[in-house]
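K.L.:
Shown below is the structure under consideration.
The values are calculated or read from the model by the stated rules, or taken from the named source; none is laboratory data. Since this is a predicted model, take the numbers as computed values, not measurements. Glycine gets a Cβ as well: all are built from the backbone with ideal geometry, and neighbour counts include every protein chain shown. For accessibility, only protein heavy atoms count, side chains too; no ligands or nucleic acids. Shrake-Rupley method; radii C 1.70, N 1.55, O 1.52, S 1.80 Å.
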Amino acid sequence: MAQVNLNIDELKDFINHIIENNRFLQTEGKKPVAVEVVGESGIGKTTCIMDMAKENKLDFVKLNLAQKGY
């Protein structure tokens with residue numbers, strides 16, 4: 001798996017590209033792609049992705065494997 005290091009503005013540009021690409025793929029009957037965002041705690045990853053989802057009128061589901069859910 002490839003790893004890319006991005007700042008927040010670059011992340012937003014990249015996620016917008018993925019959203020546009022996935023919309024195209026779906027119109028072609030193809031499966032969309034997923035992206036894993038990894039980084040240190042507290043740098044704004046979740047907030048950035050939540051903002052991007054809202055701006056693009058997309059549903060957002062937070063799945064954090066580090067948190068225990070009982």
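K.L.:
Within segment 46-70, track down each residue that is of a type outside the set (A, V, I, L, M, F, W, C), under 13 Å from the mean Cα position of the chain (by Cα) and at pLDDT 85 or above.
P.N.:
If the condition is that a residue be of a type outside the set (A, V, I, L, M, F, W, C), under 13 Å from the mean Cα position of the chain (by Cα) and at pLDDT 85 or above, then Thr46, Thr47, Asp51, Lys54, Glu55, Asn56, Asp59 are the ones that fit.
K.L.:
Would you say Ala53 is surrounded by fewer than 10 Cβ atoms within 10 Å (Cβ to Cβ) and farther than 21 Å from Ala66 by Cα?
P.N.:
no
K.L.:
Filter segment 1-33 down to the residues that are among the acidic types (Asp, Glu) and closer than 15 Å to Asn56 by Cβ, then identify the one that is least open to solvent (accessible area, probe 1.4 Å).
P.N.:
Asp13
K.L.:
Tell me, which residue of segment 13-61 that is in a loop (DSSP other than H, G, I, E, B) and of a type in the set (S, T, N, Q) is nearest to Ala2 (Cα to Cα)?
P.N.:
Ser41
K.L.:
Also, quick follow-up: Residue check, Glu36 against (1) at pLDDT below 85; (2) of a type outside the set (Lys, Arg); (3) surrounded by 10 or more Cβ atoms within 10 Å (Cβ to Cβ); (4) under 10 Å from the mean Cα position of the chain (by Cα), all met but one. Which one?
P.N.:
(3) is the only condition that Glu36 fails.
K.L.:
Return yes when Val61 is among the β-branched types (Val, Ile, Thr), open to solvent by 100 Å² or more (accessible area, probe 1.4 Å) and free of Cβ contacts under 8 Å to residues at least 60 places away in the same chain and no when it is not.
P.N.:
yes
K.L.:
Cβ contacts < 9 Å: first residue among the aromatic types (Phe, Trp, Tyr), restricted to segment 1-19; second residue modelled with pLDDT under 85 and open to solvent by 90 Å² or more (accessible area, probe 1.4 Å), any location; separation 6+ or different chain. Result?
P.N.:
Every condition considered, the pairs that remain are Phe14/Val4.
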